[in-house]
1. Being open to solvent by less than 50 Å² (accessible area, probe 1.4 Å) and either touching a residue at least 60 places away in the same chain (Cβ under 8 Å) or touching a helix residue (DSSP H, G or I) at 6+ places or on another chain (Cβ under 8 Å) (or both) narrows it down to one of Cys103, Cys98, so name that one.
2. If Gly60 satisfies every condition in (1) within 23 Å of Ser34 (Cβ to Cβ); (2) open to solvent by less than 30 Å² (accessible area, probe 1.4 Å) but one, which is the exception?
3. If you scan region 75-95, which residues turn out to be loosely packed, with under 14 Cβ neighbours inside 10 Å and over 24 Å from Ile56 (Cβ atoms)?
4. Quick one: which residue in Asp24, Asp42, Asp8 is over 15 Å from the mean Cα position of the chain (by Cα), open to solvent by less than 80 Å² (accessible area, probe 1.4 Å), at pLDDT 70 or above and of a type outside the set (Ser, Thr, Tyr)?
5. Within region 49-61, is even one residue modelled with pLDDT under 90, assigned to a loop (DSSP other than H, G, I, E, B) and within 17 Å of the chain's Cα centre (by Cα)?
6. Considering only residues that are without any contact (Cβ under 8 Å) to a residue 60 or more places away in the chain, touching an Asp or Glu at 6+ places or on another chain (Cβ under 9 Å) and part of a helix (DSSP H, G or I), which ones fall in region 64-89?
7. Which of (1) more than 23 Å from Asp43 (Cα to Cα); (2) among the polar types (S, T, N, Q); (3) surrounded by 18 or more Cβ atoms within 10 Å (Cβ to Cβ) is the odd one out, the single condition Asn69 does not satisfy?
Amino acid sequence: MIQIVYKDRVRQGMNFWATTVSFDDFKKEYERNSAVVFVAIDDTTLELLGSGTIYIRTKGKVRYAHLTNAVVLPKVHRCGIGSKLKAVRQQFAIQKGCEYISCTTGVNAESSVLWHKKNGYKIVGKSYWLGYYSYRFRLQITPSLLW
């Protein structure tokens, strides 16, 4: 499914790790880093409609969540699936005591950038990886004197 969703992004010259690895390597990465994958499934056909991953991490004394590989099949865009996946992962981060949520998206992925901003994420920087620039986003969950 990830390959289908990222097809347009790859055509635009954007690289995504998830589009280039085998399923076994993908599975090992998730097991090694204790990732949790949330999925959206059509309850009638059992078709996978979308998914999103969350990692719970610690930096010093701060616990935070990092979201990756959020995908929704094009045929169900604008049906609220991405928003629901965001909401359940955000709730999971809150339950795990995270102070904030981080994520990235390609600078050329305009719809994704707008979606993150609409959902309260702030751009906090830029990253460069495999010849491709991403915005780094952050959503503060708990009050912070520094934020």
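1. Values: Cys98 fails: either touching a residue at least 60 places away in the same chain (Cβ under 8 Å) or touching a helix residue (DSSP H, G or I) at 6+ places or on another chain (Cβ under 8 Å) (or both).
After ruling out the rest, the residue left standing is Cys103.
2. So the condition that Gly60 fails would be (2).
3. Across region 75-95, the qualifying residues are Lys75, His77, Arg78, Gly80.
4. Values: Asp24 fails: open to solvent by less than 80 Å² (accessible area, probe 1.4 Å); Asp8 fails: at pLDDT 70 or above.
Criteria check complete, one pass: Asp42.
5. No.
6. Result: Val76, single match.
7. (1)
The values are calculated or read from the model by the stated rules, or taken from the named source; none is laboratory data. Because the structure is a prediction, the values reported are computed rather than measured. Note that each Cβ is placed from the backbone with ideal geometry, even for glycine, and that neighbours are counted across all protein chains shown. To get the accessible areas, we keep the full protein, side chains included, count just its heavy atoms, and leave off ligands, DNA and RNA. Shrake-Rupley method; radii C 1.70, N 1.55, O 1.52, S 1.80 Å.
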